[in-house]
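The values are calculated or read from the model by the stated rules, or taken from the named source; none is laboratory data. Just so it is clear, the model here is predicted, and its values are computed rather than measured. In this analysis, Cβ positions are derived from the backbone assuming ideal geometry, glycine residues included, and neighbour counts consider all displayed protein chains.
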Amino acid sequence: MLKSANREVLPKSGHVSWQRLDRRLEHGIPFNWHHHPEMELTLTLNCTGQRFVGDSISSFNDGDLALVGANLPHTWTSQERIDKSKPYLAKVIWFDRDWLKAMGHSAPELMSLVPFCNRAQRGLQFTQSTRTDARPLIDRLFDMPQTDGITTLLELLLVLSRDEGAVALSSTEVLQKIDAYSERMNRVLNHVHQNYEQTITIDDLAEIAALSPSGLHRMFKRHIGASLSNYLINLRIGEACARLASTDVPIGVISQDVGYSSQANFNRHFLRLRSETPSAFRKRNRISRAP
């Protein structure tokens, strides 16, 4: 069992094979690092922000569609609400991994669900064309009685399984080590995510983890698959991407707001991780916002 991410227990029903949640929030999607044995499909609407899946930190925009594997730690956190008159929205669907595999083995027409289930264990982000095809099916699942949804759910999963361009999110290495997480890692990660815009020292984190600085370095590298400094850089640049795409705040101000005292360092890290400058990223990913 995972210990660094909080284990979430989802309500079960003997009448259906899947669960759903139409999540509407007025004050944003909070950082809540957790895991559960069910697979999770999330459609995020009317906001931008960051998605954390295993060791992956990615920016998301309106209409993001991602699948999280069983027991894979994850969370979303919002940055900008696009239409201020509407809430932050997330349509979430859960189902069991064993159920999905059993469906794949039940008929030749569903066989593609078996390798899809294995691919999804690392988490998947779907392409624009697949999101377009999947959106009406997801909307239909939330409009009908849950007991009538199994056929539509299978139709949706088949659409997702055919997306050859879907991008894996977490690395294989993290999946191999995931059960070694500890409560100490949970405390460290929560502190980093709540204070990334401030100066974070290894000594402070070592005290939180009740370890020596060298012990913290080893634990972080072993469990996350990256050094603490690289993880923090990824977190800050990911947050900057969300702000660049969704606001008109000057780049220099954004670099300071996400924790950089030097814009030169910010620009260098951004170019290394995104292979383009912050201004080029903003131009390519500009999101139109409702007044």
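Report the residue count in region 78-120 for those that are in contact with a strand residue (DSSP E or B) (Cβ under 6 Å, 6 or more places away or on another chain) and among the polar types (S, T, N, Q).
Qualifying residue count for the region: 2.
Kindly establish whether residue 118 is out of contact with any Lys or Arg (no Cβ under 7 Å at 6 or more places or on another chain), in contact (Cβ under 8 Å) with a residue 24 or more places away in the chain and not aliphatic (A, V, I, L, M).
Against the criterion (out of contact with any Lys or Arg (no Cβ under 7 Å at 6 or more places or on another chain), in contact (Cβ under 8 Å) with a residue 24 or more places away in the chain and not aliphatic (A, V, I, L, M)), residue 118 does not qualify.
Filter region 34-70 down to residues that are among the hydroxyl-bearing types (Ser, Thr, Tyr) and touching a Lys or Arg at 6+ places or on another chain (Cβ under 6 Å), then give me how many there are. Break it down into steps so the answer makes sense when it comes.
Quick first cut of region 34-70, residues among the hydroxyl-bearing types (Ser, Thr, Tyr) only: 42, 44, 48, 56, 58-59.
Checking the rest, the ones that are also touching a Lys or Arg at 6+ places or on another chain (Cβ under 6 Å) come to 58.
Qualifying residue count, region 34-70: 1.
Return the residues of region 234-246 that are farther than 13 Å from residue 78 by Cα and under 17 Å from the mean Cα position of the chain (by Cα); say none if nothing qualifies.
Listed by number, the residues that qualify are 234, 235, 236, 237.
Just to be sure, is residue 103 buried (at least 20 other Cβ atoms within 10 Å of the Cβ) and out of contact with any Ser or Thr (no Cβ under 8 Å at 6 or more places or on another chain)?
It is true that residue 103 is buried (at least 20 other Cβ atoms within 10 Å of the Cβ) and out of contact with any Ser or Thr (no Cβ under 8 Å at 6 or more places or on another chain).
Find all pairs meeting these conditions: Cβ atoms under 8 angstrom apart; at least six residues apart or on different chains; first residue within region 130-158 and not assigned by TED's automatic domain parsing to the domain that holds residue 16; second residue surrounded by 12 or more Cβ atoms within 10 Å (Cβ to Cβ) and charged (D, E, K, R).
Cβ pairs passing all conditions: none.
Filter region 182-234 down to residues that are of a type in the set (Val, Ile, Thr) and in contact (Cβ under 8 Å) with a residue 12 or more places away in the chain and give me whichever is nearest to residue 257 (Cα to Cα).
This residue is 199.
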